[in-house]
Amino acid sequence: MATIATAAYLTGQCLIAMPGMPDPRFEHTVVYLCAHSEEGAMGLILNRELADMPITRLMEQLNISITPNIENMRVHFGGPVDSARGFVLHSADFMSEASMLVDSRHALTSTMDILRAVAEGRGPRHSLMVLGYAGWGAGQLDAEIKDNAWLIAPPDDALLFGPDNAKKWRNALEKLGIDVAKLSSLSGNA
């Protein structure tokens, strides 16, 4: 079986769920891929806020003071895997020993240090707090892409960190020049 060439890996790209996505957890989602290799992939859903987990409650649980810098931050559903684990996707202007650089402009940190830094006003310019992540085993995401479950788009700050979750999916499609009204939920391979 042939493996995907290194250039085909999609780390740092966004996945856009096609209409008719069979898994309701990913319906109309935009996922930022933090890692993609022959071993599998890991990403974060960008447009699903956890309404039942306000940042104030999360910060109280973590014993971090609520400040004006953090009070408007929202907690997102990053995916169905390890939903109690938190991650912060952020601009690479903030890096700690625990940060993983995803690409030249974006990083991922999964320690409380970044939340303290944001609360104290010394954190990254842009950030997105998520609980859980989306994960795929070896070849699984590649097969889903081949089966037309996902479109691929480059990220931008509005897509990654913008406040309007309800419009991110449509905006991601429009960024590719796709009219949602003309996009069929029935797709095939040519």
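Which one of these is touching a Gly at 6+ places or on another chain (Cβ under 8 Å) and closer than 16 Å to F26 by Cβ: L141, L173, L151?
Of L141, L173, L151, the one residue that is touching a Gly at 6+ places or on another chain (Cβ under 8 Å) and closer than 16 Å to F26 by Cβ is L141.
Can you give me the ranges of the strands (runs of 3 or more DSSP E) entirely in region 91-177 with at least 1 residues that are without any contact (Cβ under 8 Å) to a residue 60 or more places away in the chain and either within 15 Å of the chain's Cα centre (by Cα) or within 23 Å of N63 (Cβ to Cβ) (or both)?
Strands (runs of 3 or more DSSP E) meeting the threshold: 106-109, 127-136.
Of the residues in region 125-156, how many are surrounded by fewer than 16 Cβ atoms within 10 Å (Cβ to Cβ) and acidic (D, E)?
2
Restricting attention to region 67-100, and to residues there that are aliphatic (A, V, I, L, M) and out of contact with any Leu (no Cβ under 8 Å at 6 or more places or on another chain), which single residue is modelled with the lowest pLDDT?
Checking each candidate, the answer is M73.
When region 61-86 is examined, which residues are found to be in a loop (DSSP other than H, G, I, E, B) and surrounded by 17 or more Cβ atoms within 10 Å (Cβ to Cβ)?
I64, I70, M73, G78, G79
The values are calculated or read from the model by the stated rules, or taken from the named source; none is laboratory data. What you are looking at is a predicted structure, and each value in this text was computed from that prediction instead of being measured. All Cβ positions, even for glycine, are placed from backbone atoms using ideal geometry, and neighbour counts span all protein chains on display.
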